[in-house]
């Protein structure tokens with residue numbers, strides 16, 4: 001098979017010329033949306049984050065200008081847009097996968113992401129519903145504490161994601177640099 005060149009979908013492959021620009025890294029993450037193995041460079045991760053935020057902001061601004069924002073919870077004034085919610089659902093798996101690969105690149109398990117996600121569930125739910133009325137008054141104490149734990153875990157995750165690659169091969173693959 002002359003002329004056939006296979007590039008593995010993991011973060012181990014060298015970037016092509018199209019991935020050297022920022023949007024190319026974003027597209028690479030979208031294409032590898034269920035690839036949780038391998039490693040991802042810092043540049044790949046942060047370019048994906050940058051373009052996800054820019055696209056999300058553009059969609060939100062368009063929704064606001066067209067009046068497509070809906071109030072979900074009147075007590076907190078929580079408003080959402082249908083298009084931005086659809087984009088968030090679209091970008092969730094690629095974001096999770098590239099975060100797993102980025103943590104692999106610094107020599108850690110992707111389970112660190114799950115720690116942050118699970119610690120944030122209860123505080124987020126307490127914003128959407130009056131859970132303190134459903135559960136005991138103890139919930140009013142536990143939810144803010146879990147919010148603080150979630151914030152500390154999130155800051156630690158950001159520090160891990162900003163670390164440089166382990167320069168040698170590890171259990172997740174060879175260095176993508």
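The values are calculated or read from the model by the stated rules, or taken from the named source; none is laboratory data. Not measured: the values here are computed from a predicted model. Virtual Cβ from ideal backbone geometry, glycine too; neighbours counted across all protein chains shown.
The table that follows gives values for the structure above.
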quantity: Number of positions in the stretch 102-112 that are surrounded by fewer than 21 Cβ atoms within 10 Å (Cβ to Cβ) and touching a helix residue (DSSP H, G or I) at 6+ places or on another chain (Cβ under 8 Å); calculated: 5
quantity: Of the criteria (1) over 17 Å from residue 86 (Cα atoms); (2) within 14 Å of the chain's Cα centre (by Cα); (3) not in a loop (DSSP other than H, G, I, E, B), which one residue 36 fails; calculated: (3)
quantity: Residue 76 at pLDDT below 90, under 27 Å from residue 103 (Cβ atoms) and either assigned to a loop (DSSP other than H, G, I, E, B) or in contact with a strand residue (DSSP E or B) (Cβ under 6 Å, 6 or more places away or on another chain) (or both); calculated: no
quantity: Hits in the stretch 148-169 (condition: surrounded by fewer than 11 Cβ atoms within 10 Å (Cβ to Cβ) and touching a residue at least 12 places away in the same chain (Cβ under 8 Å)); calculated: 164
quantity: Residue, surrounded by the fewest Cβ atoms within 10 Å (Cβ to Cβ), within the stretch 39-67, restricted to residues that are in a loop (DSSP other than H, G, I, E, B) and modelled with pLDDT of 90 or more; calculated: 41
quantity: Residues located in the stretch 79-101, provided they are exposed (fewer than 14 other Cβ atoms within 10 Å of the Cβ) and not in a helix (DSSP H, G or I); calculated: 79
quantity: Qualifying residue in the stretch 92-113 (condition: more than 30 Å from residue 62 (Cβ to Cβ) and at pLDDT below 80); calculated: no
